[in-house]
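Have a look at the structure below before the remarks.
Where a number appears in this text, it was derived from the coordinates with a stated rule and is not lab data. Worth saying up front: this structure is predicted, and the values here are computed from it rather than measured. Cβ placement follows ideal geometry from the backbone for every residue including glycine, while neighbour counts extend to all protein chains displayed.
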Amino acid sequence: MALSPDLGLSLACGVLAALFAQACVALVAALRRSKTDAACRALERQLLQARVDAAKKRVEEVVELSRSWRGWRKFQVVRKVSECEGVASFYLYPHDKKEIPTFHPGQFLTFRLAVPGQERPVIRCYSLSDCPRPNFYRVSIKALPAPTPEARPGLVSNHFHQNVKEGDLLDVQTPSGQFFLDVSSPRPVVLIGAGVGVTPLISMSNALTAEGRLARDVYFFHGARNRRDHVMKGWLTALASQHERFHYVTCYSNPLDVDREGDDGDFQFRGRVTLDVLQRVLPSNNFEFYLCGPGGFMEEMSRSLEMWGVPASDIHFEYFGPSSVKKLAKPETAPVEGGLKVRFDRSGKDAVWEGAQHSLLDFLEAQGVKIDSGCRAGSCNTCITAIKSGEVTYTTRPSTPPAAGSCLVCISVPKTNLVLDV
């Protein structure tokens with residue numbers, strides 16, 4: 001029986017429609033498979049890249065570990081450069097000619113020095129004042145004057161200026177310290193320094209601008225008395241002129257007659273760096289803040305930033321040097337009638353703490369107990385001492401709190417009767 005033309009056409013159209021529908025379903029399935037395969041391939045590429053990055057990081061860590069060293073290593077002073085009145089930079093090259101490890105901008109070097117008139121080598125820490133370089137380190141040191149007529153000038157800082165010369169060999173420990181900038185972070189930063197406390201901040205500035213293009217906003221507030229002690233003025237001014245996002249603001253507390261005030265002058269604000277200065281320059285408080293300078297300055301600035309609403313987690317600081325700690329010290333222990341008993345177990349000595357000394361380190365030294373120390377500010381961890389019994393309280397916050405059962409004697413005082421493993 002023959003089909004009518006209309007019926008045949010209808011059937012043909014139906015078959016074509018069914019075939020088209022099947023083709024569409026197959027195409028959609030293929031596209032889905034393709035997308036899934038593409039997503040899988042992209043995920044595989046991401047996983048592979050993550051493995052490669054992790055492997056590279058492990059290799060870099062191994063390489064850096066191989067460059068670092070334990071104990072003391074000899075470095076030669078190849079250059080000694082005057083930066084301003086009372087401040088000199090020392091360029092240190094490894095005497096063994098081997099590679100040196102990189103470091104985080106803001107960290108410091110620890111030195112062991114034979115200082116004339118001292119029975120034992122003296123240990124001190126000084127901030128690195130440059131970004132990582134392939135073959136040398138740089139520290140910039142101020143010859144500290146006597147803070148009062150009856151006090152002595154800085155022992156080691158003046159030794160560096162008066163006795164350390166080009167060609168000398170120095171004992172140095174590998175870079176360390178917990179006060180440093182994360183150069184990989186995209187967050188804008190504010191660097192606030194006073195006096196020679198700007199040296200680790202200069203290290204941070206050089207690291208941020210080392211690639212030639214500054215990827216985030218940086219505001220550097222520099223407090224000095226006047227042009228005579230304006231550390232690395234030319235270098236920092238040049239950074240500001242070369243990088244649009246690097247803002248350099250200077251405050252002079254005691255300007256000379258020849259010092260020019262103004263945007264293009266030697267300084268922009270008269271007086272110290274204060275919260276008012278920050279608020280007049282910064283667009284907001286949404287920055288990470290790095291502070292370094294005299295203790296009183298940092299205490300006041302930290303408190304001001306917190307009052308402005310800056311989270312404590314965004315305020316980073318470094319107490320460095322005994323003068324900083326002594327200005328901040330506020331022992332929490334109440335006077336105890338008859339004093340607190342302190343035993344130096346290994347030395348076999350007993351003494352009574354009556355609060356005359358500023359710290360347990362001062363107390364130990366007054367009792368003739370020898371102990372290694374460095375920064376005397378709770379930063380270098382050289383003076384970590386085990387507590388066999390009793391408790392201490394800190395006069396200022398340690399950069400890195402020691403493990404339970406130990407204390408940093410340079411910034412702690414007895415809270416109870418105490419037995420120390422010294």
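What to note about this one:
- Formal net charge of residues neighbouring LYS80 (Cβ-Cβ distance under 12 Å; K, R +1; D, E -1): 0
- Computed Kirkwood radius, in angstrom, where 1/r is averaged over Cα pairs of the range 219-290: 12.7 Å
- As a proxy for reagent exposure, ranking ASP96, ASP266 by other Cβ atoms within 10 Å from fewest up yields ASP96, ASP266.
- Counting neighbouring beta carbons within 10 Å and listing from fewest to most, the residues VAL156, VAL28, VAL122, VAL196 come out as VAL28, VAL122, VAL156, VAL196.
- Summary of packing: across the peptides 83-91, 147-155, 300-308, the per-residue average of other C-beta atoms within 10 Å ranks them, highest first, as 83-91, 300-308, 147-155.
- In this structure the amide hydrogen of VAL392, modeled in the peptide plane, comes within under 5 Å of the amide hydrogens of LYS415, none closer than 5 places in sequence on its chain.
- Projected label points at ASP276 and GLU261, each 7 Å from Cα along the beta carbon direction, are separated by 1.2 nanometres.
- The C-alpha atoms of the chain define a longest principal axis, and helix 199-209 lies at about 20 degrees to it.
- The charge dipole of the range 340-420, taken about the Cα centre with unit charges on the Cβ atoms of Lys, Arg (+1) and Asp, Glu (-1), comes to about 120 debye, rounded to the nearest 20.
- Rounded to 10°, Cα long-axis angle of helix 233-242 versus longest principal axis of the chain: 10 degrees
- Which of ARG138, ARG73 has the fewest Cβ neighbours within 10 Å, and the rest in rising order: ARG73, ARG138
- ARG187-LEU31 FRET efficiency (beta carbon distance; Förster radius 60 Å; 0.05 resolution): 0.90
- Efficiency of FRET between LYS80 and LYS388 - r from beta-carbon atoms, R0 56 angstrom, step 0.05: 0.80
- Rg/Rh ratio calculated on Cα atoms of the range 73-172 (Kirkwood radius): 0.97
- Cα-projected label distance for GLN367 with VAL419, points at 7 Å along beta-carbon direction, nm: 1.3 nm
- Charging the Cβ of each Asp and Glu at -1 and of each Lys and Arg at +1, and nothing else, the dipole of the chain about its Cα centre rounds to 1000 debye.
- Lysine pair count for the range 340-420 with Cα-Cα distance under 15 Å and sequence separation of 8 or more or different chains is 6.
- Shape summary: the range 160-205 maps onto an equivalent ellipsoid whose semi-axes, from the alpha-carbon gyration tensor, are 29, 15, 8 Å in decreasing order.
- Given R0 = 60 Å, the distance between the Cβ atoms of GLU211 and LEU155 translates into a calculated FRET efficiency of 0.95.
- Over the range 189-318 - Rg/Rh using Cα atoms and the Kirkwood inverse-distance radius: 0.93
- Relative counts (whole %) of C-alpha pair distances in the range 340-420, using bins that are 10 Å wide: 20, 60, 20, 0
- With one equal scatterer per alpha carbon and no solvent term, the Debye-computed log10 I(q)/I(0) for the chain at 0.09 1/Å reads -0.66.
- Amide H partners (placed H, <5 Å) of ASP168, local residues excluded: VAL77
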